[in-house]
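Remarks on the structure that follows.
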Amino acid sequence: MNKNRLEAFSDGVLAIIITILVLELKVPHGEDFATLAPLLPVFMGYVLSFVYVGIYWNNHHHMLHAAKRVGGGALWANLHLLFWLSLFPFVTGWMGENHFAALPTALYGVVLLMAAIAYFILQRVLIAGEGRDSLLARAVGGDRKGNLSLVVYALAIPAAFVTPWLAQAGYVFVALLWLVPDRRIEKALAEREG
């Protein structure tokens, strides 16, 4: 099956998610900097979630570029990923509105963890369809960054109930880890072409 429809649909959903994220930023009633202060937690949550959606969009693009085709399993795995990403606006808004309180911070981590698991599943479904010797399989390798991300999320979720800022630091750490686009696929594509 051609992968262009999957990629176009995913791009559209991610664009809508970013739009919904920004709509959560309410315009303050006032004209000085003091009216912006209460919005700082909401804005910080927005920035973090915007970065995460950007990371998923970038890596999703690279992953599909490396794949030759997609099957029905990949379509469902992709929808599974988009489901968890679509929850970003809700958990981001709840966390920001409640100034990074324990439960909203933990739920934000649960959504991050589930999105990471869904991405892993999509990756594995694509690799299974193309074979262990495929370009994507070689590029992904052992996926140390992906596995480290899962561990950090799993530790940050319970940490949110003890020290929410520690959980937030874990979420920021993973975002920074992935901020530089995943070069494994670009490198494998360059080797194939060069």
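Using the Cα centre as the reference, give the magnitude of the dipole from point charges on the C-beta atoms of segment 86-190 (Lys, Arg: +1; Asp, Glu: -1; all else neutral), rounded to the nearest 20 debye.
320
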Pick out which of A115, A159, A128 has the largest mean-square fluctuation in a Gaussian network model of the chain, springs linking Cα atoms closer than 10 Å.
A128
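Mind ranking D143, D11, D32, D133 by accessible surface for me, highest first, 1.4 Å probe? Intermediate results must be reported in sequence, preceding the final value.
Details: D143 15, D11 60, D32 85, D133 135 Å².
From most accessible down to least: D133, D32, D11, D143.
Quick one: pull the percentage of alpha-carbon pairs in segment 22-81 with a separation above 13 Å.
Working: 1289 of 1770 pairs.
Value for segment 22-81 (Cα pairs over 13 Å): 73 percent.
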Heavy-atom accessible area per residue, the chain, 1.4 Å probe: how many Å²?
53
Of F9, L176, P158, which is farthest towards the positive pole of the chain's charge dipole, taken about the Cα centre with +1 and -1 on the beta-carbons of Lys, Arg and Asp, Glu respectively?
F9
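Just in segment 88-194: which chymotrypsin sites (Phe, Trp or Tyr not before Pro) are loop by DSSP and have at most 14 other Cβ atoms within 10 Å?
Working: sites: F90, W94, F100, Y108, Y119, F120, Y153, F161, W165, Y171, F173, W178; in loops: F100, F161.
Hits after loop and neighbour filter: F161.
Quick check for me: using +1 on Lys/Arg Cβ and -1 on Asp/Glu Cβ, what's the dipole size of the chain about its Cα centre, in debye to the nearest 20? Provide the component values of the computation, followed by the final result.
Values: 14 positive and 13 negative charges, 156 e Å.
Dipole magnitude for the chain comes out near 760 debye.
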For the chain, report the convex hull volume of the alpha-carbon atoms normalised per residue, in Å³, without decimals.
117
According to a simple spin-label model (label point 7 Å from Cα along Cα-to-Cβ), what is the distance in nm between V22 and H61?
1.7
Report, to the nearest whole %, how much of the accessible area of the chain belongs to carbon and sulfur atoms, 1.4 Å probe, protein only.
70
Computed over segment 1-139, the relative contact order (Cα-Cα under 8 Å, seq sep at least six) in percent reads 32
At R0 = 41 Å the Cβ-Cβ FRET efficiency linking N2 and F173, nearest 0.05, sits at 0.65
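Check each of the trypsin sites (Lys or Arg not before Pro) in segment 85-151 and keep only those in coil by DSSP with at most 13 other C-beta atoms within 10 angstrom; list them in order. Present the calculation step by step, with values, prior to reporting the outcome.
Working: sites: R124, R132, R138, R144, K145; in loops: R132.
Within segment 85-151, the qualifying trypsin sites (Lys or Arg not before Pro) (loop, at most 13 other Cβ atoms within 10 Å) are R132.
Net charge near E191: determine it from the other residues with C-beta under 14 Å of the C-beta of E191, scoring Lys and Arg +1 and Asp and Glu -1. Walk me through the intermediate numbers first.
Working: positive: R138, R183, R184, K187, R192; negative: D133, E186, E193.
Neighbour charge sum, excluding E191 itself: +2.
What number, rounded to the nearest 500 deg cm²/dmol, is the helix-based mean residue ellipticity at 222 nm of the chain, given -39500 (n - 2.57) per DSSP H run of at least four residues and division by all its residues?
-26000 deg cm²/dmol
Provide the packing ranking of 18-25, 52-59, i.e. peptides ordered by the mean count of other C-beta atoms within 10 Å per residue, highest first. If you can, show how the numbers build up before the last one.
On the way: 18-25: 14.4, 52-59: 19.4.
Descending mean neighbour count gives 52-59, 18-25.
The values are calculated or read from the model by the stated rules, or taken from the named source; none is laboratory data. Just so you know, these numbers come straight off a predicted model, no measurement behind them. Glycine gets a Cβ as well: all are built from the backbone with ideal geometry, and neighbour counts include every protein chain shown. Just so you know, the surface numbers come from the protein's heavy atoms only, side chains and all, with ligands and any DNA or RNA stripped out. Shrake-Rupley method; radii C 1.70, N 1.55, O 1.52, S 1.80 Å.
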